[in-house]
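This report refers to the structure that appears directly beneath it.
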Amino acid sequence: MEYTVFGKTGLKVSKMGLGGAPLAGDFGATDEAEVQRVIHEAVDSGINFIDTAPLYGRGESERRIGRALEGGYRERVVLASKAARSDMRYDYKTIVQSVEDSLQRLRTDRLDLVQLHDVETQPFELIVEEAIPALEKLRDDGKVRFLGVSTRHLDLLMRYMRTGSFDSVQFYARYMLLDHTAKDALLPLARELNLGVINGSVLGMGILAETPAPFLGEETLARAREGIAKLDFLRTKEGPGGLIEPAMRFSFANPDIHVTLSGVATLAALRMNVALCDGRGLNAEDQAKVYELFQGNTVF
């Protein structure tokens, strides 16, 4: 397992993090006993960053993680969650209550990182005037260590980065084989500001594993299929799954990305991804070709 420093927080984090959405069944049926084994083996194999949210399984992801981290595992991880849910208004009271509820579900008295979730769903002024002060109060009270912000809309994310209120950022499906638009402006800005960077959905919500999430629309899938047809030169095996290894290595090897989330709910998938976090990326020729083929391309 490779490690790096998570921006200005100074936290030592594994470059592979465990993503919480699949643990609650958001991408298909899951077995709770298997989920607990996945969490335990992830930590035992060196993963020390776990990311979840109240949105995932309507709290079930947090509940499962909280149960699994009992017995000494909590002290071994950097635990990140989010506030709140996009069907809520991100006012002061809601943000505070969201974090308090997460603490209960996760069975802990402190979160290492709380990120405002999907901020594109909320007015910028509301976030600045109420949500950020709420997080700052929670930090002052010792319930939160560091503050983050997440959205897949890169221009909006950079606007929040420039407020100086955050220690980290998270985007998803913006630094992957089919869409690496985060590298053009966001990653350089994050480096300049010394912010921790979390890359979510490096497989494009299952698209690059050729098992797309059921909620994706046909228009999105059609665009993705066009791109995937150009990636045969990267395949490590025939058939579905042949792009998983290059997709993971593409993200792990970028020094500006501190944590690449691995959304898995089975031990087999976990073990495969852990084996790829060994410091070896795509060869220079293949990476240059990916950059050239998909420069400016978006899927979602």
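Taken together, the values in this text are just the output of simple stated rules run on the coordinates, not laboratory data. This is a predicted model, so every value here is computed, not measured. For neighbour counting, all protein chains shown are included, and Cβ atoms are generated from backbone atoms with ideal geometry for every residue, glycine included.
Rounded to the nearest 20 debye, the dipole size of the chain about its Cα centre is 440 debye, using +1 on the Cβ of Lys and Arg and -1 on the Cβ of Asp and Glu. A simple count of charges around Thr151, restricted to other residues whose Cβ falls under 13 Å of its Cβ and scoring Lys, Arg +1 and Asp, Glu -1, yields +1. Other residues whose C-beta falls under 12 angstrom from the C-beta of Thr181 contribute a net charge of 0, scoring Lys and Arg +1 and Asp and Glu -1. Label 7 Å along Cα→Cβ of Gln104; the stretch 42-58 residues with amide nitrogen under 16 Å? Only 54-55, 58 pass the distance filter.
With contacts defined as alpha carbon pairs under 8 Å and 6 or more residues apart, what's the relative contact order of the chain in percent?
Numbers: 567 pairs, mean separation 62.4, N = 300.
Computed over the chain, the figure is 21 percent.
In this calculation the C-beta distance from Asp278 to Glu34 is compared with R0 = 35 Å, giving a FRET efficiency of 0.90. Spacing of the modelled spin labels on Glu210 and Glu41, each 7 Å from Cα toward Cβ, amounts to 2.4 nm.
Too long at a 25 Å Cα-Cα cut-off: which of Lys8/Lys137; Lys12/Lys289; Lys8/Lys143?
Checking Cα-Cα distances, Lys12/Lys289 exceed 25 Å.
In plain terms, the chain from Leu189 to Met1 could stretch by 65.0 nm, reckoned as 0.36 nm per residue minus the Cα-Cα distance. Using the alpha carbons alone, the radius of gyration of the stretch 161-289 stands to its Kirkwood radius in an Rg to Rh ratio of 0.97. Assuming a viscosity of 0.890 mPa s and a temperature of 25 °C, what translational diffusion coefficient in µm² per second does Stokes-Einstein assign to the stretch 145-213, Rh being the Kirkwood radius over Cα pairs? After rounding, the answer is 199 µm²/s.
Starting from 0.36 nm per residue, how many nanometres of slack lie between Thr266 and Glu218 once their C-alpha separation is accounted for? Before the final figure, lay out each step's value.
Numbers: separation 48, 0.36 × 48 = 17.28 nm, distance 2.73 nm.
Length gained between Thr266 and Glu218: 14.5 nm.
Provide the net charge surrounding Asp118, with neighbours chosen by a C-beta distance below 12 Å and charges set as Lys +1, Arg +1, Asp -1, Glu -1. It would help to have the intermediate numbers written out before the result.
On the way: positive: Lys82, Arg85, Arg152; negative: Asp87, Glu120.
That sum, taken over residues with Cβ under 12 Å, equals +1.
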